[in-house]
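Report on one structure; see the data block that follows.
Laboratory data are not the source of any read-out in this text; all were calculated from the coordinates shown. These figures come from a predicted structure and were not determined experimentally. Virtual Cβ from ideal backbone geometry, glycine too; neighbours counted across all protein chains shown.
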């Protein structure tokens, strides 16, 4: 097993990708490794004619994935929008891996992202020694993607300051990046496109200018529709993460996952699963990603300090941490939920006791 | 001699287009269409310039107008196009279904109840095949949704060669494999198909050479392959009963064409079909532009560049999904992703306007109408009220004769349960001569008009007849009062007399004083503002004259042994009745009412809330002196009384039934003293127990009054004037100030300075 903590998608699923490429007989857009239909198959999972099983990467609406892929096949860029933890970055990484075989052309958006991260920078030692030459130029991931005709990814686009964001406009509309210092420009090779992600929950973000907005097709990734779909996501991801972290614990029982997912969905929706009673919602998002980390955290506790089987007291601390983001308000919400819902539910006594112990 | 059967789906642009092409190449000499033969006489109207689909053929029983059958047609309905073709070519065209006269008779006959002789019974879960044959074909083709499959295979098809042959084959196979069902509907199908075959045979006998038959795809196989002998069909149809029916065209709408509206053969996307019909090649572009226009109106950017992107994404999406042409699903996905920036809310608007659409048809004036509809149309014309499906607001000034007539018309229609106009909120607030109406026509209202035709031949006549009938059936006084008001507002004097007479007898029989008290304010309102409405309200006055004494007599009894909640409700009624009696401005009523209140105030065992309220009413009306009021208050607040009772009394006195005012307490030292003493005398626990109620009482006062009360309470004695200490008065300025003050008060400036 590799020593890398987390492999890139194209490395981790290299077998699947090569099997798909072999079986793929449909026309591919220029510079695409796979045809659009096969990219959809890679993301949504399925079986190849030769029997190779393709694991699902995204569990959810087929429609959304098709729209996303179709967008990348046109010259418009793709904007994945959603609350934190709805698999935006995950989808973007796998799309890039499947289409270009390379998910590493990545710009992480922060409040301090400079223009150089989107356009190009300079190697100042060389710049001083030789003056502006192509050799002194340090290309950005976007520039490299343009030159090679691959997919570039921008994470958290709305965190990037507005003036830096706008330097994308030329790239997206003219498909070229001028370098006035050299009197040159880089013209995008066919196959180049951009996948950006942004979350619509946080305040204080830099809203996209309408000029930039109209160069993106927006796909909003929703929280999972049904409890079953969410349980499935958590189960698959926990299994994958458990392997990566080499946890000796047994894979968690489905019932345990279902309990976590139920708690998350109930608190998120503000109503119990049977729709009978209303409950308060805490301030956090309580996304599927957080449910996954609660289970993985519990697994790790069980492996190292417990008997290797995931039990309710292994998860209680993680649950508390995920739900209670505001120490005063959320604690009240959580206590109310424990007393009115968890306590009454059949077969949840152990979880109730464990949570009471941690919550105090 | 040949018979050509064209199996279609009702309302499909592709079917319609293919049918037109097929008919043009066949050039039949007679056209038979699935539909009721009663409509034959109305067919020539189809090509009238004033005829605008969507419209529907309405068949009804004049003696029982509630029993109706409706056959909707849109521009893109294959039947509509076939009929238009026939009329343009000048070839005979007729409907071939079982006459509705017999269908409606069948509904009542025992023949329908006889089960069919079936060889096999269907297993569970297979019952849907007859109702939804398309789904079965779609599933065989590997598609989950029959509608989508049919749309892709038939409606969006550009080349129609052999389309109808293929449909016929598919349906033949389906009918052979389908297990027959036994249901009244299925039995009716037997008669219908027999009737269709008989019509075709009749056309053959009449010597027509090329007979074109247009019918639902499901019926096509049994019409294309007819048994040689007509004996079985003749026997089946022999002796079927008939009822008298009439037929007419009525306007229909796209929203009523959808399956969601409950129409069995409905489609999901009439507006999209209209696009497909008008622009078979470029429907996508036209539709995208329409969507952009719609979203622009809602504040989205939706530039032309984005429309281009939308169209491109639509095509790419259909390629990703292996579709030869983009369908509605691709269009919607593309519009949401590009024009609507991923949001789903604007898509609801798109769904409503561009998929379903709000188009409404029109029929030529020469279409036969029921007399009631004719009268309604005449009124609509006379009062200049356009019939549209878009909601519109009217602010009527009832002093204008035209507006008054409009109000009467809408009120009458409401009595007939035809809610074309809905009265708005602002009525009373804006003055009694104003009425706000929200007016919106809906096609089903045309059906209601036919259904209510039984009540009379004019709107006024029918409304009056229905109101009298309702009045006889109503046994609840409040409902009857509402009806009386409606009748008076609708200006139906004859009906009003009957309704009010019924009201009077019912009021006399009512033992429940509370119901009478609920009725009075409404009647007082009618009476008081009757003149403005120019309605004769004398009859109502008579009823009121009977009701007020009954209330006065029953009230003391009705106020006995009430719990807190009931006392609260009664308290509200007291306030409303008092208001109504003041509104009536009739001395006899006022005296009787005040006498009753005085009796009530002295009544032992009356809930504190009501006693306090009565005392306050007596005080406000000036019936009792201040000293007497102070005595009553001191009596009610004596320490011997239960604190709860005393607090409730105070609540009733200060708040009455509405929002109270503490001014009285502030300005009357004696009353203030009594309240102050009572509060001071309460034990700590009793005080705490009464605190919530007291708080509620005092919280209803304006903030300024509460502050003044607080200050007064702190000082411990009443203060009516602010203290004024003339320590530093600049005497040189006094005359100037006095002069201005005198001017303000309108006094002679001279007199003041002299003084």
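Compute for region A:314-360: radius of gyration divided by Kirkwood radius, i.e. Rg/Rh, restricted to C-alpha atoms, rounded to two decimals. Could the numbers behind the result be given before it?
On the way: Rg = 10.0 Å, Rh = 10.6 Å.
We get a ratio of 0.94 for region A:314-360.
Fully extended, how many nm does the chain gain between residue B:509 and residue B:642 (0.36 nm per residue separation, minus their Cα-Cα distance)?
Working: separation 133, 0.36 × 133 = 47.88 nm, distance 3.87 nm.
Separation in residues times 0.36 nm, less the Cα-Cα distance, equals 44.0 nm.
With a Förster radius of 25 Å, plug the Cβ-Cβ distance of residue B:298 and residue B:323 into 1/(1 + (r/R0)^6) and report the FRET value to the nearest 0.05. Don't skip to the answer; put the middle values down first.
On the way: r = 29 Å, r/R0 = 1.16.
With R0 = 25 Å, the Cβ-Cβ based efficiency is 0.30.
Please say if region B:588-627 is rounded, prolate or oblate, where rounded means a/c under 1.5 for a ≥ b ≥ c the square roots of the C-alpha gyration tensor eigenvalues, and otherwise the choice is prolate for a/b larger than b/c and oblate otherwise? Don't jump to the answer; show the numbers that get you there.
Working: a/c = 2.11, a/b = 1.28, b/c = 1.65.
Oblate shape, in that a/c is at least 1.5 and b/c is the bigger or equal ratio.
Roughly what would the spin-label model give for residue B:162 and residue B:345, points 7 Å off Cα along C-beta, in nm?
5.3
With each pseudo-label sitting 7 Å past Cα toward Cβ, what's the residue B:383-residue B:25 distance in nm, one decimal?
Once both label points are built, they end up 5.5 nm from each other.
Report, to the nearest 10°, how far helix A:312-323 tilts away from the longest principal axis of the Cα atoms in chain A, using its own Cα long axis and a range of 0 to 90°.
The helix A:312-323 is inclined about 50 degrees to chain A.
Projected area of region A:144-207, taken from the Cα convex hull and averaged over every viewing direction, in nm²? Mind dumping the intermediate values first?
Numbers: hull surface 19.1 nm².
With the hull built on Cα positions only, its mean projection is 4.8 nm².
Does region B:341-472 come out rounded, prolate or oblate by the C-alpha gyration tensor, with a ≥ b ≥ c the root eigenvalues, rounded set by a/c under 1.5 and, if not, prolate when a/b is larger than b/c and oblate if not?
Working: a/c = 1.97, a/b = 1.30, b/c = 1.52.
Oblate shape, in that a/c is at least 1.5 and b/c is the bigger or equal ratio.
Out of every Cα pair in the protein assembly as shown, what percent are spaced more than 62 Å from each other?
37
Could you let me know the centre-to-centre spacing of region A:242-303 and region A:17-35, using Cα atoms, in angstrom?
37
Using the Cα atoms of region A:70-117 to build a convex hull, what is its mean projected area in square nanometres? Each step should come with its number before you reach the end.
Working: hull surface 17.6 nm².
About 4.4 nm², averaged over all directions.
Give me the log10 of I(q) over I(0) for chain A at q = 0.13, 0.14 Å⁻¹, as the Debye formula computes it from C-alpha points; what are the numbers?
Scattering profile of chain A, log10 relative to I(0): -1.08, -1.18.
In percent, how large is the relative contact order of region B:451-586, given Cα pairs closer than 8 Å and 6 or more residues apart? Walk me through the numbers before you get to the answer.
Working: 125 pairs, mean separation 31.2, N = 136.
Result for region B:451-586 is 23 percent.
Residue B:566 to residue B:705: extension gain in nm, 0.36 nm per residue of separation minus the Cα-Cα distance?
Values: separation 139, 0.36 × 139 = 50.04 nm, distance 3.01 nm.
The residue B:566-residue B:705 span can extend by a further 47.0 nm.
Which residues among region A:167-209 fall inside the zone where the amide N is under 19 Å from a point 7 Å beyond the Cα of residue A:126, along Cα→Cβ?
A:177-187
If one computes the Cα centroid of region A:342-360 and of region B:17-40, what distance in Å separates the two points?
When both Cα centres are located, 73 Å separates them.
Label-point separation (nm) for residue A:31 and residue B:229, each offset 7 Å from Cα along Cα-to-Cβ?
7.8
Measuring from the lowest to the highest alpha carbon on each principal axis, how far does region A:65-184 reach, largest first, in angstroms?
Principal extents (largest minus smallest coordinate, Cα): 49, 28, 23 Å.
Would you mind ranking B:628, B:274 by Cβ crowding within 10 Å, fewest neighbours first?
Values: B:628 13, B:274 22.
Least crowded to most crowded, the residues run B:628, B:274.
Please find the FRET efficiency linking residue B:186 to residue B:242, where r is the Cβ-Cβ separation and R0 is fixed at 25 Å, and quote it to the nearest 0.05.
Working: r = 22 Å, r/R0 = 0.88.
Efficiency at R0 = 25 Å is approximately 0.70.
Working out 0.36 nm times the residue gap between residue A:250 and residue A:52, then minus their Cα-Cα distance, what length gain in nm do you get to one decimal? Please list the in-between numbers first.
On the way: separation 198, 0.36 × 198 = 71.28 nm, distance 2.65 nm.
Extra length from residue A:250 to residue A:52 when fully extended: 68.6 nm.
Summarise the partner chain shielding of A:206-216 as one whole number: the mean count of Cβ atoms from other chains within 10 Å of each residue's Cβ. Walk me through the numbers on the way to the answer.
Values: counts 0, 0, 1, 0, 3, 1, 0, 2, 9, 3, 4.
Partner Cβ neighbours, averaged per residue: 2.
Using alpha carbon coordinates only, what is the Rg to Rh ratio of region A:1-61, with Rh defined as the Kirkwood radius?
Numbers: Rg = 12.4 Å, Rh = 12.4 Å.
Radius of gyration over Kirkwood radius for region A:1-61 works out to 0.99.
May I ask you to work out the translational diffusion coefficient for chain B at 25 °C, viscosity 0.890 mPa s, via Stokes-Einstein with Rh from the Kirkwood sum over Cα pairs, reported in whole µm²/s? Spell out each step's value before the answer.
Working: Rh = 33.1 Å.
For these conditions, the coefficient is 74 µm²/s.
Taking the convex hull of the alpha carbon atoms in region A:128-234, what volume per residue do you get, in Å³? Don't skip to the end; give the middle numbers.
Details: hull volume 17.4 nm³, N = 107.
In region A:128-234, the Cα convex hull volume per residue is 163 Å³.
Counting other C-beta atoms within 10 Å, which of B:87, B:492 has the fewest, and how do the rest follow? Intermediate results must be reported in sequence, preceding the final value.
Working: B:87 18, B:492 25.
Lowest to highest Cβ neighbour count: B:87, B:492.
Please give the helix B:443-452 orientation as an angle from the longest Cα principal axis of chain B, in degrees from 0 to 90, rounded to the nearest 10.
On a 0 to 90 degree scale, this one is about 80.
Bin all alpha-carbon pair distances of region B:277-389 at 5 Å intervals from 0 and give each bin's fraction as a whole percent.
2, 10, 18, 17, 12, 8, 7, 8, 8, 7, 3, 1
How would you order B:386-399, A:155-168 from highest to lowest mean count of nearby Cβ atoms within 10 Å? Intermediate values should be presented prior to the final figure.
Values: B:386-399: 13.9, A:155-168: 19.6.
The densest-packed peptide leads the list: A:155-168, B:386-399.
Using the number of other C-beta atoms within 10 angstrom as an exposure proxy, rank B:614, B:559 with the fewest first.
Details: B:614 27, B:559 23.
Arranged by neighbour count, lowest to highest, B:614, B:559 become B:559, B:614.
When a/c is below 1.5 the answer is rounded, else prolate if a/b is larger than b/c, else oblate, so apply that to region B:262-305 with a ≥ b ≥ c taken from the square roots of the Cα gyration tensor eigenvalues. Let's see the in-between values first.
Details: a/c = 4.70, a/b = 1.64, b/c = 2.86.
Since a/c reaches 1.5 but b/c is at least a/b, the shape of region B:262-305 is classed as oblate.
To the nearest whole number, what is the average tally of beta carbon atoms from other chains within 10 Å of the beta carbons of peptide B:311-324? Each step should come with its number before you reach the end.
Working: counts 0, 6, 7, 1, 2, 11, 9, 1, 7, 14, 7, 2, 0, 0.
Average per residue, whole number: 5.
Working from Cα positions, state the angle (0 to 90°, nearest 10) between the long axis of helix B:703-715 and the longest principal axis of chain B.
30
Where q = 0.12, 0.20 Å⁻¹, what log10 of I(q)/I(0) comes from the Debye formula for region B:549-659, counting one point per Cα?
Values returned for q = 0.12, 0.20 Å⁻¹ are -0.37, -1.06.
Compute the Rg to Rh ratio over region A:1-128 from the alpha carbon atoms, using the Kirkwood formula for Rh, and round to two decimal places. Provide the component values of the computation, followed by the final result.
On the way: Rg = 16.9 Å, Rh = 16.4 Å.
Computed over Cα atoms, the ratio is 1.03.
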